[in-house]
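Worksheet: one structure, shown below.
Just so you know, all these numbers are worked out from the coordinates, no wet-lab data involved. Only a predicted model underlies this, so the values are computations on that prediction, with no experimental measurement involved. All Cβ positions, even for glycine, are placed from backbone atoms using ideal geometry, and neighbour counts span all protein chains on display.
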Amino acid sequence: MAQSVLGIVGGSGLYELEKLENAQWQKIDSPWGDPSDEILFGEIEGLPVRFLPRHGRGHKQSPSSINYRANIDCLKRAGVTDLISVSACGSLKEELAPGHFVLVDQFIDRTFAREKSFFGPGCVAHVAMGDPIAPLLVDEIATAAEHCAIPVTKGGTYLAMEGPQFSTRAESNLYRSWGCSVIGMTNMPEAKLAREAEISYASLAMVTDYDCWHEDHEDVDVAEIIRVLTDNATRAKQLLSHLAQTFPREHPSCPVGSDKALEEAIITPPDGRDPELMLKLDAVAGRVL
């Protein structure tokens with residue numbers, strides 16, 4: 001088995017990690033453009049950890065302006081085997097109150113203004129996304145949350161909207177009728193790209209509000225969101241620090257095949273592949289190309 005390298009993409013409110021030893025920001029170049037920021041290299045009790053602030057330090061990138069392909073490509077180049085997405089979200093269910101954490105297991109992608117694949121003309125590939133989340137990674141996060149006495153729900157559907165505006169009430173109620181648990185703006189196409197890069201992916205969705213459907217919370221109050229977001233980030237740092245201490249030092253085979261997603265996904269035969277695109281795919285698909 002390969003050595004585990006834990007990657008963390010920090011969302012709104014999470015711009016740094018605690019207890020990270022030998023920490024150093026490093027710039028990684030990507031053929032897909034500029035990532036959101038440099039990557040923070042370090043370790044926690046010997047486990048290599050790589051941290052990338054999704055919006056950049058200072059929160060400079062909106063959900064639609066993030067270069068998701070460059071972010072995932074750089075994390076792959078940094079050796080990441082397991083990636084945890086930490087992100088703020090709105091709740092679409094009464095029982096998922098602000099402050100609650102959700103380990104989602106499904107997505108509905110309603111984004112439309114983002115590049116969603118490393119593949120395309122010159123090399124076509126179709127990865128399986130029926131099970132978009134790595135279950136062993138989820139189990140590790142859930143165990144750490146329990147140790148830290150942080151309320152967490154395993155399972156649920158994340159509705160990814162384009163943003164940056166919040167939902168209309170009609171949209172919020174529509175997504176509730178679909179059975180969605182939470183709504184956010186950043187997990188897609190991030191999860192799809194992680195699968196293409198053969199990185200095991202899990203999403204820790206931190207509830208900040210009830211979106212706008214709740215009769216007692218009809219409008220999203222940004223000031224209240226920031227207050228809850230700050231508290232969520234503090235608890236997320238505690239969870240992640242404990243997780244790193246107990247995380248498997250060797251990366252196990254993923255039960256849903258996230259670490260072997262490309263083995264039968266590439267359709268274009270070798271003699272028909274675009275050489276320039278092949279060069280850009282060196283990190284993401286080098287194992288199979």
Taking only C-alpha pairs under 8 Å that are 6+ residues apart, what is the relative contact order of segment 2-280 in percent?
27 percent
Gyration tensor (alpha-carbon) shape descriptor, segment 123-207, a/c threshold 1.5
oblate
Taking segment 4-60 and dividing mean pair separation by its residue count, relative contact order in percent (alpha carbons under 8 Å, at least six apart):
46 percent
Connecting every pair of Cα atoms under 10 Å apart in the chain and solving the GNM, the largest mean-square fluctuation among ASP109, ASP259, ASP73 falls on ASP109
Within the chain, helix-based [θ] at 222 nm, where runs of 4 or more DSSP H residues each add -39,500 (n - 2.57), nearest 500:
-8000 deg cm²/dmol
Net charge near VAL288, counting Lys/Arg +1 and Asp/Glu -1 over other residues with Cβ under 14 Å of its Cβ?
-1
If contacts are Cα pairs under 8 angstrom and at least 6 residues apart, what is the relative contact order of segment 57-155 in percent?
38 percent
Lysines near LYS116 by alpha-carbon distance under 22 Å, same-chain residues fewer than 8 away left out - which ones?
LYS60, LYS76, LYS192, LYS260, LYS280
Burial ranking of peptide ranges 45-55, 184-194 (average Cβ count within 10 Å, highest at the top)
184-194, 45-55
What is the local net charge at SER241, summed over the other residues whose Cβ is closer than 14 Å to its Cβ (Lys, Arg +1; Asp, Glu -1)?
-3
Tail fraction, Cα-Cα pairs, the chain, threshold 29 Å, whole percent:
30 percent
Provide the net charge surrounding ASP37, with neighbours chosen by a C-beta distance below 13 Å and charges set as Lys +1, Arg +1, Asp -1, Glu -1.
+2
